[in-house]
Amino acid sequence: MRKLLSAALFRTTRHPVFLAILLVLPAVLGIATGNTLRYGVDDLFLLPMLFAFGAFVALSWGREHGDGTLRNKVIAGYSRGQVFFAELLLNTALCTLMMLIFAVFTTVFGFSVLGKVPATVLLRVGLCLLLSAVGMGALLSAVCCLISNRALSAIVGVLLVLCLMYGATSLQHVLEQEPTFTMEYFDENGEFTHAEELENHLYVHEPLRTALDVANRANPFGQLNQCMAALSEYVYDWGDGYEPHYDVTAEKAELTARLNTLPLISLFSTAAICAAGWALFRRRNLK
């Protein structure tokens, strides 16, 4: 196992362009995020790095398939489980490293703002960010290990990130729906006449609501969204004389409470993904 990891790490780090993207991209994105924290946390800065996750993991598996390295490792006496977990550990480590670099530079350049956030909240957000990166790397590895074509693997890796993003955004939109909404009516002169409370047909009731909430928290991008939302409530500057349309204190408490369960859900979902990827890879025909 140690030799497999050493060989995979050498193969990955010998390309200067790859290393530059691996180390410089999250640093640049962290600087941009840190400098704009006073306006709230925008996950837009995370997207290039997440696409890099997909491309790196996909190309890593594609290169192993395309060069026949996977088959040669099995012939040399390594089990499929050792081969799979060596690649899995490398890919999750690289994704976690990029997220860690991003977090460090965000903290350094946004310290004037983050310094006002309770340390316990920052630690929980940091833990959730790192676990979401681990989950992202595990999911990408579990999918891309089944694709032997390098180009197709890269496309699937990037598309998978897009699907995770779209799925998390869609679920969050559904879960944010209120049971009712107020419809206001006006006359032909534009004068308000009356208001009526109507049922919101987009609202999802139990038990489906709980199932969707768990699915959203198990999605690595959904975890990132909730981390960014919780942090944003602490760092956003509403300005003098400007009041939000909701109770900020209550929103902070609710979003911060979510950070307590995210790590546990992330660990369970990552373990399930790793087990499924290993089971599928064992049946994979290594040509």
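Quick notes on this one:
- Pairs, first among the hydroxyl-bearing types (Ser, Thr, Tyr) in the range 202-214, second open to solvent by less than 40 Å² (accessible area, probe 1.4 Å), C-beta under 8 Å, six or more apart: Tyr203/Gln177
- Qualifying residue in the range 92-108 (condition: farther than 27 Å from Ile265 by Cβ and surrounded by fewer than 16 Cβ atoms within 10 Å (Cβ to Cβ)): yes
- Identity of the residue in the range 202-213, open to solvent by 70 Å² or more (accessible area, probe 1.4 Å) and in a loop (DSSP other than H, G, I, E, B), that ends up nearest to Leu171 (Cα to Cα): Leu202
- Candidate set: the range 172-201, residues that are assigned to a helix (DSSP H, G or I) and open to solvent by 40 Å² or more (accessible area, probe 1.4 Å); chosen: the one nearest to Asn225 (Cα to Cα): Gln172
- Total residues in the range 37-67 satisfying the condition of being touching a residue at least 60 places away in the same chain (Cβ under 8 Å) and surrounded by fewer than 21 Cβ atoms within 10 Å (Cβ to Cβ): the figure is 11.
- Those residues of the range 64-95 which are part of a helix (DSSP H, G or I) and among the aromatic types (Phe, Trp, Tyr), in sequence order: Phe84, Phe85
- Unique residue being of a type in the set (A, V, I, L, M, F, W, C) and within 30 Å of Val108 (Cβ to Cβ) when the list is Leu140, Leu152, Leu160: Leu140
- Any hit, the range 131-147, residues being farther than 22 Å from Leu29 by Cβ, open to solvent by 10 Å² or more (accessible area, probe 1.4 Å) and touching a Ser or Thr at 6+ places or on another chain (Cβ under 6 Å): yes
- Of all residues in the range 217-233 being open to solvent by 20 Å² or more (accessible area, probe 1.4 Å) and touching an Asp or Glu at 6+ places or on another chain (Cβ under 8 Å), the one that is nearest to Met99 (Cα to Cα): Asn225
- Candidates are the residues of the range 255-281 that are under 15 Å from Leu127 (Cα atoms) and among the small types (Gly, Ala, Ser); the one that is most open to solvent (accessible area, probe 1.4 Å) is Ala257.
The values are calculated or read from the model by the stated rules, or taken from the named source; none is laboratory data. Everything quoted here is computed from the prediction, not taken from an experiment. Using ideal geometry, Cβ is built from the backbone for each residue, glycine included, and neighbour counts are taken over all protein chains shown. Accessible surface areas use protein heavy atoms only, side chains included; no ligands, DNA or RNA. Shrake-Rupley method; radii C 1.70, N 1.55, O 1.52, S 1.80 Å.
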